[in-house]
1. Suppose R0 equals 56 Å. What FRET efficiency, 1/(1 + (r/R0)^6) with r the Cβ-Cβ distance, do B:Glu14 and A:Gln24 give to the nearest 0.05?
2. Any idea what the dipole of chain A comes to, in debye rounded to 20, about its Cα centre with Lys/Arg Cβ at +1 and Asp/Glu Cβ at -1?
3. In angstroms, what radius of gyration and Dmax does chain B have, counting Cα atoms only?
4. When DSSP assigns beta bridges and you keep just the ones with both residues in the protein assembly as shown, what percent turn out antiparallel, to the nearest 5?
5. Would you calculate, for the protein assembly as shown, the mean residue ellipticity at 222 nm contributed by helices, counting each DSSP H stretch of 4 or more residues as -39,500 (n - 2.57) and dividing by all residues, to the nearest 500?
6. Compute, for the range A:65-156, the length of the dipole vector about the Cα centre, with Cβ point charges of +1 (Lys, Arg) and -1 (Asp, Glu) only. Units Debye, rounded to 20.
7. Counting Lys +1, Arg +1, Asp -1, Glu -1, what net charge surrounds A:Tyr399 among other residues with beta carbon under 15 Å of its beta carbon?
8. What whole-number value in cubic angstrom gives the convex hull volume per residue for the C-alpha atoms of the protein assembly as shown?
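Derivation of every value follows stated rules applied to the coordinates shown; laboratory data play no part. All values reported here derive from a predicted model rather than from experimental measurement. Reconstructed Cβ throughout: ideal geometry from the backbone, glycine too, with neighbour counts over all protein chains shown.
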Amino acid sequence: MTATPTYETRPLQCWGKAKEIRKQYYVDYASAHERGGLRWAGGAWTFGAIPCGLGDDVYSLTSEPYGASIAANKDFSMRCLEATERAGYARDLCSYMRNYWGSLLLDEYLWGGSFPKPDFIWQDHICCSHAKWYQVVGDHEPDIPQFCIDVAVGPEGAINENKLSYIVGQMHDGIDWMEEITGRTYDDEKLIEAVYQECRSTSLWAEICCLNKAIPAPLEEKTMYSLYVLGTLAKHSKVVADFYEELRDEVQDRVDNHIAAVPNERCRLMSDTQPPWGFLSLFRYLEEYGALSVGSLYTFGLIGMWEDKPDGSWGPRTTPQQQGIDIKDRDQALRILAAWNLSKPEWQHFYSPHLKTALMVRIAKEWHLDGVLLHYNRGCEGLSVGIAENRLGLIEAGYPVMTFEGNMGDEREFDLARTKARIDTFMETLGFTRESTSTGSASAPSRARRCT
Amino acid sequence: MEMVISAQMTDKSEHNQEVRQILDRLRSRDNGRDTGVRLMIIGSEDDDTAFIRMVESCGATFVVDEHCTGTRYFWNDVEPRDDRLEAIAARYIDRVPCPSKDWVDRTRIPHILELAREWNVGGAIVMQQKFCDPHELDTPAIRKALEEAGIKTLFLEFDVTVPMGQFKVRVEAFLEMLAEEDLFE
């Protein structure tokens, strides 16, 4: 089978804006003190809408995207990893954590200057490392106060009022704690606005992912990584929600006009878990076979919020605004925020691999996939747990699966040549042959990719 | 260790009857050898009794532990309350936690230091089973606290199976080092 270009493709018009939002996020955090503002640190899954009640000059540094950004800078990453190992931490720990701690221990910020220490830490705990991540930060920076919310109350289908109240109670305590440590008065109206925006942005991201059900796919996963990341930075931000609305409209236009991410799309795949961030060229290598990853449970469900639609499909979760819900007070805002996050697809597999398999099979069917690439990611035990079970479930459902071992944030545990060899074999079994030239994709404007 | 594993697997009422009998016999039990160096073992889900026997064959005795399959399982009592479920819940909240639930502060460390002091340990072996992240995340802080309290530590890392020969060499060296400290006291 040859991969002759078929579809028109073009760069995303809003690509530059996405890059600018991301850059500004890191600048705003680092320079917050210059404007009298506050800095807080926490995971990408933490309830970031809640600190918004402290004011408009409160900026965050979410840890996983920061660890991933370091991973993409291999020289700095290696120095960070080694600094962490010198401090006595094991190499099989989360590689995002190890990159992050290394940056702290070296006192170097990836974007230049010394590491901008947070004024406080605001975290949640579902993966067994999440709270411990910042406990270790506290070992080295004992003056930074921290608060963490335990969200491990079970899968979405087993949530009840008692479980919800357990989380909401911690959120209320957390707000009291924030007022105490910052000396600021909490503004519930800002919280309510942030909850609205978080629901809006995370539902919009799911809507964007749904547009990738189209053939040809308007986006491919390497590009999606650079777009979904905004939700991992500030899902509660109006800037991010507005951007996702703009992106949704542009992607819809691509679908309407059959604008492809990969002009020679022949084979539709999905990946799983975080990719080896220093080796995203793998996705370009797939394109040489006319293959693309249309996404993954990871890319769709890390921040995207979903629900069953009346037609039986998986689609964006209906927001409180869309339901006509007018949030009146702090408690209602917190309950909505907690309930919203407990349905996060990427939280479900912490309770059973079978829940994840069901979601993956659903994606494989609805996004019309030909196969699956599973990353046995040594860098993230949380998202890799049960992945071998997922493989069996996908095979049972009729989808060819290729596995490869690697590490999202530690290049010493990824073998590019061997992984490419596996891809060669896998594509051959699927009946595809490799073209000699690369084709380009939707995101990289410097590359020739128009097929008109 | 074997008693704790029994407690984890058998009916509690049957187990308790056996424990009462063993406790009576322990008061007059002769170990049949010198105690040697009084050691503490700290770690995760390690039920390798062959390792314990190996270390104790080198001139030491584990006098106390802080293990998933050890004291952490049974340490604190249920304080009776009118509502029995509430009493059990209160005990779970107050118990020495699994490291995955031991945050924001590490409450295990003062407990470990207290055990070491009360049982008069001469050294501690910190066992780390790979891929149990919460334990790995505590290990540097635990070792630092023990060393600051004057208790030497030996850190052993294993991956499900214990490399007995290599560990024996390291344990012997550790015990020799502790003995040298006694020599120059």
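1. Values: r = 65 Å, r/R0 = 1.16.
Calculated value: 0.30.
2. Details: 46 positive and 64 negative charges, 265 e Å.
Computed charge dipole of chain A: roughly 1280 debye.
3. Looking at chain B, its Cα Rg and Dmax stand at 17.4, 57 Å.
4. On the way: 4 of 47 bridges.
Of all bridge pairs located within the protein assembly as shown, approximately 10 percent are antiparallel.
5. Values: 25 runs with 306 residues, N = 637.
Mean residue ellipticity, 222 nm, calculated: -15000 deg cm²/dmol.
6. Values: 7 positive and 13 negative charges, 59 e Å.
It works out to roughly 280 debye.
7. Numbers: positive: A:Arg268, A:Lys356, A:Arg362, A:Lys365, A:Arg391; negative: A:Asp272, A:Glu366, A:Asp370, A:Glu389, A:Glu396.
Combined, the nearby Lys, Arg, Asp and Glu give 0.
8. Numbers: hull volume 119.7 nm³, N = 637.
Dividing the Cα hull volume of the protein assembly as shown by its residues yields 188 Å³.
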